Structures are given as C-alpha cells and as structure tokens.
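A short worksheet on the structure shown next.
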Amino acid sequence: MDYHILDGDKRHLDALVELEHRCFSIPWTRDQLKAELPDEHHEFLVAEAGESVLGYVGMMFVLDEGYISNVAVSPDHRRQGIASALIEALLRRAEELRLSFVTLEVRESNAPAIALYERFGFAPVGRRKGYYDAPKEDAILMTRFLK
C-alpha cells in the first residue's frame, strides 16, 4: 500500500477521531487531539493514503525531553509497517530537535507494541501501577536515549 508520512493538521481531525474510536477503549476527544497537533511543543505525524488516515503518532517535548503520547494504526492496516514508519519519522524529528531521550507508556499486555518499541531501541525503565483503565492495567515505561 502506498502512503506517505506528513505533519498532521486540522483537516485530519475527523479521521483522527474515528481512528481513536477504532483503536482505544477510552478514545481521545477531538479537542484533545487538536491540542496535540504540531506547535512549539508538539510533533504529530500521520500516515496518509489518498484522503485516508491510516495511523498517527504524537509527541510532546519540553527542553530536551520527548514524550510519545499515542501511536495508533487502523486495525485494517496493521502489520504493514505503518507504525514502524511513523516511529522512525518521529525519532528523526526528535534527533533534529536535539532531544536527549524519548519516553512512552505501553500496556503491559501489549506484547506486539512492546516488541515494536524494543526494535527501535526503547527499553523498559519503570512501571506505572494501574495507569490504564478499561481494563485496569499497569503501564510499562519505556525510554530511548538519543545522546
């Protein structure tokens, strides 16, 4: 499938809201997604094929610290390298921003996501007890150091 990675913007919001509902038990609202779009403290990339948003990744950054807020790929387009392409592009941005590290949380039961993050050099550095709801679950805190 042909797709390209680009900065997310307001025209993507409807598709992002729909994607949230397909991917997460507690989806982000339109306003929450809008607040994550690129600005002086956010990077937000989408994978787009034609007019369709296949996935996205968002990151907030302060000083030299990056925090990946969400990674989502449409259930219809998983296992096609889209999440990898999004993460790779985001890590390039993190390096351009001269961030020291990028961190994220992942459900402890989400073995495919953990394996994906490990392939990109993220390593477990902690646990957040009861971080997730629906269902209640711990988060594994993973970090990749860039410097």
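Would the stretch 69-89 turn up any residue that is in contact (Cβ under 8 Å) with a residue 12 or more places away in the chain, part of a strand (DSSP E or B), of a type in the set (Ser, Thr, Tyr) and out of contact with any Phe, Trp or Tyr (no Cβ under 7 Å at 6 or more places or on another chain)?
Yes, the conditions are met somewhere in the stretch 69-89.
Output the residues belonging to the stretch 98-111 that are among the hydrophobic types (A, V, I, L, M, F, W, C) and either loosely packed, with under 14 Cβ neighbours inside 10 Å or in a strand (DSSP E or B) (or both).
Phe101, Val102, Leu104, Val106, Ala111
List the pairs whose first member sits in the stretch 101-115 and is in contact (Cβ under 8 Å) with a residue 12 or more places away in the chain and farther than 16 Å from Ala83 by Cβ, whose second member is charged (D, E, K, R) and buried (at least 17 other Cβ atoms within 10 Å of the Cβ), and whose Cβ atoms are under 8 Å apart, counting only residues at least 6 apart or on separate chains?
So the pair list comes out as Phe101/Arg144; Thr103/Arg144.
Restricting attention to the stretch 3-13, which residues are in contact (Cβ under 8 Å) with a residue 12 or more places away in the chain and either in a helix (DSSP H, G or I) or over 26 Å from Ala94 (Cβ atoms) (or both)?
Lys10, His12, Leu13
None of the figures in this text is laboratory data; all of them are computed from the coordinates on show. None of these values were measured; they are calculated from a predicted model. No Cβ is skipped: glycine too gets one built from the backbone with ideal geometry, and neighbour counts run over all protein chains shown.
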